[in-house]
Amino acid sequence: MRREYGAPVSVGGKAEKIKIGLRTESQNEPYYVMIKNRLLQDIPEHMKRMKLGRRYAIITDSEVSELYANNLSRMLNNSGLPTEVFVFEVGEKSKTLAVCEGLMEQMSSKGFGRDSAVIAVGGGVVGDIAGLVSVLFNRGVPYVQVPTTLVAQADSSIGGKVGVNSVHGKNLYGDFKQPKVVYIDPMTLRTLDKEEYAGGLAETVKHAVIKDPKFFDYLENHTEEILRRTDYSLLHLARTNCSIKGSVVEKDPNEKGMRRVLNLGHTVGHAVEKLANFEIIHGFCVAIGTVVALRIANMEIGFPDGDLERVERLLRTFGLPTIVPAGISEDDIIKTTSLDKKAAGGQARYALPTMIGKMAKFGGSYATYVDDGVVRMAIRASR
Ligand SMILES: NC(=O)c1ccc[n+]([C@@H]2O[C@H](COP(=O)([O-])OP(=O)(O)OC[C@H]3O[C@@H](n4cnc5c(N)ncnc54)[C@H](O)[C@@H]3O)[C@@H](O)[C@H]2O)c1
Ligand SMILES: [Zn+2]
């Protein structure tokens, strides 16, 4: 049954289902995000009913293989679903076409063909690589996401963007391809290291600021449980993040308009990430970029002082940085934002909220140009 966005859900034996109803040229059917603590053990039974293929290729990285993927493979095989695990070296460096090719060659050598399905078990890197493999392998086979990081559960497993990096930039080679189903077991986040978890919290705060003031209140009032990763808090983060991201991508599957709101904090965030040579994790850069964007919104469209203070405080409580690192200059940030692949005509655009929970619309668009002088002031105030 369709759960309307924001409606209460029961916590019980059955997994909660969030429907993602996308209509694109190539895809017309909705799919479900299934969420339940300890869902991993239910995946084989559910996949048997999905009947996605005759053979299953789990794609994972060298850390998640030991933690979850080998186990899941064993369970699938025990349930009569022939499965093999294909592992690549952990890390963003593996997000290349060469790694995808290597995985596909191994799959072909083992006799995988058109009747196979791909299962991505891991973080965003795994999802992006496995998703692209599923686009290319035998001209396309179905794929399933089993996200195991907060970034992946909150963000990358929903929305169907798949792809790999080029020496010319991140995510330049890819496609939009929706999975057949997403299985989220929030308990997997218990083994995630503290920084990776905090990085996902930055995207979580971003979602609340974009669309859900009540969720923002929840985050503020439950920081201790969230940091302890209690059963309920992890479940609640997963369901709310997925509802928010799902409701945005449903309206704009191919990133032509409304999906721009998801870019809050990412204009300056991406620049900081690049200028720090990718040594600061993405979520940390998003936290910094969000604070700069909110200062711009504060100066330009009246984003309230009180809301700015609340967001900064929450990010800090979650262990996230809120100031622009001293070694990164205003000039470099401005230059880098204008080179970003989303900067139309060499000028950066900013997604900006008018208050916590509401994004501004500028004419027909959810992003706007901002004078360099204003951006500079916002950066200076964030030192
Ligand atoms: N497709 C999209 O829409 C989208 C959106 C956001 C981010 N991304 C991409 O996602 C990537 C970042 O994802 P990420 O942050 O998940 O990184 P990641 O996949 O590299 O995972 C981070 C680390 O956590 C480990 N890990 C994964 N699950 C674990 C668990 N449960 N317990 C312990 N360790 C675990 C991994 O092995 C890795 O070392 C980037 O490449 C980014 O471009 C894509
Ligand atoms: Zn992000």
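Taken together, the values in this text are just the output of simple stated rules run on the coordinates, not laboratory data. All values reported here derive from a predicted model rather than from experimental measurement. So basically every Cβ, Gly included, is an ideal-geometry build from the backbone, and we count neighbours across all protein chains shown.
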- Could the peptides 57-67, 75-85, 120-130 be put in order, highest first, of the mean number of other beta-carbon atoms found within 10 Å of their residues? 120-130, 57-67, 75-85
- Query: Among Val286, Val209, Val370, which one moves the most in a GNM of the chain with springs linking Cα atoms closer than 10 Å?
  - Reply: Val370
- Message: Expected output is a single nm value to one decimal: the length gained when fully extending between Asp372 and Glu89, i.e. 0.36 nm times separation in residues minus the C-alpha distance. What is it?
- Response: 97.8 nm
- Using only Cα atoms, find the angle between the long axis of helix 194-211 and the longest principal axis of the chain, and express it within 0 to 90 degrees, rounded to the nearest 10. 70
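I'd like to compare 182-190, 38-46: which one has the highest average count of other Cβ atoms within 10 Å, and what's the full order after that?
Numbers: 182-190: 22.9, 38-46: 16.2.
Going by the mean number of other Cβ atoms within 10 Å, highest first, we get 182-190, 38-46.
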- Message: Spelling out what I want: for every residue of segment 52-68, take phi, set θ = phi - 60°, compute 6.51 cos²θ - 1.76 cosθ + 1.60 (Karplus), and round to whole Hz; glycine and proline get x.
- Response: 8, x, 9, 9, 10, 10, 7, 10, 7, 9, 6, 8, 6, 4, 5, 6, 9
- Task: Would you work out if the chain is rounded, prolate or oblate? Take a ≥ b ≥ c from the square roots of the eigenvalues of the alpha-carbon gyration tensor; rounded if a/c is under 1.5, else prolate when a/b is larger than b/c, oblate otherwise.
- Result: prolate
- Note on the structure: Ranking Val146, Ser79, Val182 by how far each Cα lies towards the positive end of the charge dipole of the chain (+1 on Lys and Arg Cβ, -1 on Asp and Glu Cβ), the top one is Ser79
- Projected onto the charge dipole of the chain (+1 at Lys/Arg Cβ, -1 at Asp/Glu Cβ, origin at the Cα centre), which of Ala297, Phe216, Ala57 gives the Cα projection farthest towards the positive end? Ala57
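Based on the Cβ-Cβ distance of Asn221 and Asp305, what FRET efficiency does E = 1/(1 + (r/R0)^6) give at R0 = 25 Å, to the nearest 0.05?
Details: r = 21 Å, r/R0 = 0.83.
Efficiency computed from Cβ-Cβ geometry: 0.75.
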- Computed lengthening from Lys19 to Ile334, 0.36 nm per intervening residue step minus Cα-Cα distance: 109.5 nm
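Between Asp231 and Glu279, 0.36 nm times their residue separation minus their Cα-Cα distance comes to what?
Details: separation 48, 0.36 × 48 = 17.28 nm, distance 3.12 nm.
The Asp231-Glu279 span can extend by a further 14.2 nm.
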- Message: Given Cβ point charges of +1 (Lys, Arg) and -1 (Asp, Glu) and nothing else, what value in debye, to the nearest 20, does the dipole of segment 27-131 about its Cα centre take?
- Response: 480
- Query: What shape does segment 252-383 take by its C-alpha gyration tensor, where a ≥ b ≥ c are the square roots of the eigenvalues and a/c under 1.5 counts as rounded, a/b above b/c as prolate, and the rest as oblate?
  - Reply: rounded
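All other residues with a Cβ under 12 Å from the Cβ of Lys95 taken together, and with Lys, Arg as +1 and Asp, Glu as -1, what is their net charge? Please report the intermediate quantities before stating the final value.
Numbers: positive: Lys93, Lys170; negative: Asp61, Glu89, Glu92, Asp128.
Once positives and negatives cancel, what remains is -2.
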- Note on the structure: Per its Cα gyration tensor (rounded if a/c is under 1.5, else prolate when a/b beats b/c, else oblate), segment 216-280 is best filed as oblate
- Message: So if I place +1 on the C-beta of Lys and Arg and -1 on the C-beta of Asp and Glu, and nothing else carries charge, what would the dipole magnitude of segment 193-268 be about its Cα centre? I want it in debye, nearest 20.
- Response: 360
- What angle do you read, to the nearest 10 degrees and between 0 and 90, between the alpha-carbon axis of helix 266-275 and the longest principal axis of the chain? 80
- Query: Distance from the Cα centre of segment 118-151 to that of segment 73-111, in angstrom?
  - Reply: 10
